[in-house]
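What follows is a set of notes on a single structure, which appears directly below.
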Amino acid sequence: MEKVSRMVQKVAFIHYAKAAGRFIDYYLKNHVFENKNDNITEQQFKTFNSWISPFYLKRDWNEEELLQLANNRYSAQYPTPDQIRTHYQYYSHDYLSKQYVHNHHHNWTLKSIQSFRRNGWFTFMFIREPSDLLCSLWTWAQNSSLENKKPEAVIQPVWLIDLSLDQFIQEIIGRPEFKVFYALPDYVNEIDYVAEFTEENFRQFLLENFQHEYKPEITGQEFRFSSKNPGYEAYKSQGLISDETDKMINNNVEVQRVREYFIAKSI
């Protein structure tokens, strides 16, 4: 059956770290939603991203806040009386008809995802092959360290930054508490749209859900905010990934689960 294009109105982005999330967020806000600035009152899609203006929380939304956002009960979703008096022309009965909520994947929960869907939100997430994702995470951490960014703002725990790529992958893969960096979340089957991030998948995603034709040239470069990661196979050919580490990652249950998920989605 041919898929029917639609234009979704309330959008929740489950941002999986190092899976082109910043690029996706940038493209949606600037070229699909056509939000001209950070002033919520003037936005086509009211954007609720805890990291940027006007919130600047320096953290993700927590579960309680997400549940409030899902139900239109978060105070910042509504204009203040002073705003209404000053800019009454911006407000109408459909003021919250178009909304966009952003949060990183490890701070979404099954309960919050289900609440968004019950309330008519379209939820989506792009994921990535774990081996390439971990290489991207390491490369980004190294580059961020060279730029003198605060270690705790780069990656937790911070001691991972000082490891070689081979040691980094072994530590991440070898410790169950670190699977959040690369594993599928327990709520993955509750999300409306999930796909591996590729240019073609992103193109189809935009066309099917927003009736938008993807134009990479309008961003000035194909993918903004990339980590400059050459990829797992390139690092392996350079001798930066050992055979032992390669076996660890290929035998990891969570990695296998992601790869099986990709295969199932492609059938």
(Q) For Lys46, give me every one of the aspartates and glutamates with a C-alpha distance below 12 angstrom, ignoring sequence neighbours fewer than eight places off in its own chain. (A) Glu34, Asp38, Asp94
Q) Label 7 Å along Cα→Cβ of Glu244; segment 156-172 residues with amide nitrogen under 20 Å? A) 160-172
Q. Expressed as an acute angle from 0 to 90° and rounded to the nearest 10, what is the orientation of the C-alpha long axis of helix 253-266 relative to the principal long axis of the chain?
A. 60 degrees
Q | Convex hull per residue volume in Å³, alpha carbons only, for segment 10-266 | A | 146 Å³
**Q.** Table column - 3J(HN,Hα) (Hz), segment 239-248, Karplus curve with 6.51, -1.76, 1.60, x for Gly and Pro
**A.** x, 8, 10, 7, 5, 4, 5, 4, 5, 4
Q) Add -39500 (n - 2.57) for each DSSP H run of 4 or more in the chain, then divide by its residues: what number comes out at 222 nm, to the nearest 500 deg cm²/dmol? A) -11000 deg cm²/dmol
Q | Radius, Kirkwood style, for segment 11-147 when every pair of distinct Cα atoms is counted (Å) | A | 16.3 Å
Q.
Restricting to Cα pairs below 8 Å that are 6+ residues apart, what does the relative contact order work out to for the chain? Please round to a whole percent.
A. 27 percent
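Throughout, read-outs are computed from the coordinates displayed, never taken from laboratory work. On a predicted model such as this, the values are computed, not experimentally measured, just so you know. All Cβ positions, even for glycine, are placed from backbone atoms using ideal geometry, and neighbour counts span all protein chains on display.
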